[in-house]
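The structure under discussion appears below in the form of structure tokens.
Any read-out appearing in this document is the output of simple, stated calculations on the displayed coordinates, not a laboratory observation. Just so you know, these numbers come straight off a predicted model, no measurement behind them. Cβ coordinates were reconstructed from backbone atoms using ideal geometry, including for glycine residues, and neighbour counts include every protein chain displayed.
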Amino acid sequence: MTVPPSELAYVPFVSVENMMRLTHHVGIETFLKELAAFIEADFKRWPDFDKTPRVAAHVPGGVIELMPTADKTLYSFKYVNGHPKNTKTGHQTVTAFGVLSEVLNGYPVLLSEMTVLTALRTAATSALAATYLAPRDAATMAMIGNGAQCEFQAMAFRALCGINTLRLYDIDARATEKASRNLTAQGFEVVACTSAERAVEGADVITTCTADKQYATILTDNMVGAGQHINAIGGDCPGKTELHRDILLRSDIFVEYPEQTRIEGEIQSLDKDHPVTELWQVMRGEAAGRRDQRQVTLFDSVGFAIEDFSALRYVREKVNGTAFSQPLDLLADPDDPRDLFGMLVRSVA
């Protein structure tokens, strides 16, 4: 006789459908603000975490990565890919899922999609950083690269920084048309531009989020003026950059985890000892962020595992006791923990 699994066998699973339902239930901008608060709280206790650069397998046309971290209570990892040419075959450029587990016994307490959630946490992290680094009266943002991340960035910068005017540019005019349509429907004032140079005119914040896996110069030095904040989120692997080196040399650079950013970020083009400031130190008041209105600040973001940890922790709290997750029979749970074989044999009795 087959014995039904006990409660220990089940792990809450958040599907793509339920992640979208949860986001709308909370409200997109509220979700982003609450998620940013979780990220900020975890950054402020940065020394509590085990940290390592993500484990990357570079494959033809892309990369597949694992992003682990843990504190004394919880462990998390995210599986994520980045294949820029995927859209030509109808696939997403980035897909992801993640797990949150109890350190005490190693049992997972949440399995979640993270394609949508990564887009949300990336945007929340960008806007959170901007609250420390962008000009205080920032009102306009240039978005260079209008793909899947574009609208999330815009929503987060409005929710956390009050930015409502957007200047959009993409080498693919269809991407700009898509983003303009989506963002106008969300109440933004949108200006579609015909070049990156036009997009950055009058912008307080410049966000670059292109997908090509190569060295590129999306911004040249003469395009960046005093007082602007650059949110560089497109650089995410060795051999991929978006900014001319001269911009970096006159900017105050802020990063998540230098050991990872020096391999994957914009600063891979600089000397290994070029000074950078870790964002968690700014949040804890141990280092300065924006000091004056003429300072050029650069957030060289590549994404770090603690941000995913925060996102999974937030989602776990939000779905607990709700219908936004479903129990998944994921873990073997024999009556006798030492008799896994016996459970297998009895399963056909």
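Key figures for this structure:
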quantity: Of Lys88/Lys240; Lys44/Lys78; Lys72/Lys272; Lys33/Lys240; Lys51/Lys88; Lys78/Lys178, pairs whose Cα-Cα distance is over 26 Å; calculated: Lys72/Lys272; Lys33/Lys240; Lys51/Lys88; Lys78/Lys178
quantity: Isotropic mean projected area of the C-alpha convex hull, the range 282-344 (nm²); calculated: 9.4 nm²
quantity: Sum of side-chain charges, Thr297 neighbourhood, beta-carbon under 15 Å (Lys, Arg +1; Asp, Glu -1); calculated: -3
quantity: Anisotropy class of the range 1-143 from Cα gyration tensor, a/c 1.5 cut; calculated: prolate
quantity: R0 of 45 Å, Cβ-Cβ distance Lys85-Glu7: FRET efficiency to nearest 0.05; calculated: 0.55
quantity: Least to most buried among His24, His229, His244 (fewest other Cβ within 10 Å first); calculated: His24, His244, His229
quantity: Relative contact order (%) - criterion: Cα under 8 Å, at least six apart; region: the range 126-304; calculated: 23 percent
quantity: Net charge of Cβ neighbours under 14 Å - reference Gln92; Lys, Arg +1; Asp, Glu -1; calculated: +1
quantity: Loop-resident sites, the range 243-288, for GluC sites (Glu not before Pro), counting at most 13 other Cβ within 10 Å (DSSP); calculated: Glu286
quantity: Rounded tilt (10° steps) of 28-43 against the dominant C-alpha axis of the chain; calculated: 80 degrees
quantity: Antiparallel DSSP beta bridges within the chain, percent to nearest 5; calculated: 50 percent
quantity: Fraction of beta bridges assigned by DSSP in the range 84-190 that are antiparallel (%, nearest 5); calculated: 40 percent
quantity: Viscosity 0.890 mPa s, 25 °C: Kirkwood-radius Stokes-Einstein D of the chain over Cα pairs, µm²/s; calculated: 116 µm²/s
quantity: Global geometry of the range 67-128, whether rounded, prolate or oblate, following the gyration tensor of its Cα atoms and the 1.5 cut on a/c; calculated: prolate
quantity: Simple Cβ-charge dipole of the range 113-262, Lys/Arg +1 and Asp/Glu -1, about Cα centre, in debye nearest 20; calculated: 120 debye
quantity: Mean ellipticity per residue at 222 nm, deg cm²/dmol - from DSSP H runs of n ≥ 4 across the chain, formula -39500 (n - 2.57); calculated: -10000 deg cm²/dmol
quantity: Average Cα contact separation per residue, the chain, under 8 Å, 6 or more apart, as relative contact order %; calculated: 22 percent
quantity: Glu201 versus Arg174: modelled label distance in nm, points set 7 Å from Cα along the beta carbon direction; calculated: 2.8 nm
quantity: Pairwise centroid distance, computed over Cα atoms, of the range 295-321 with the range 138-195, Å; calculated: 21 Å
quantity: Order of Met20, Met143, Met343, Met283 - criterion: other Cβ atoms within 10 Å of each residue's Cβ, fewest first; calculated: Met20, Met343, Met283, Met143
quantity: Candidates Leu100, Leu168, Leu331: whichever shows maximal mean-square fluctuation once the chain is modelled as a Gaussian network with Cα springs under 10 Å; calculated: Leu331
quantity: Solution diffusion estimate, µm²/s, Stokes-Einstein, the range 126-304, Kirkwood Rh from C-alpha pairs, 37 °C, viscosity 0.692 mPa s; calculated: 205 µm²/s
quantity: Neighbour-count ranking [beta-carbon atoms within 10 angstrom, fewest first] of Asp339, Asp300; calculated: Asp339, Asp300
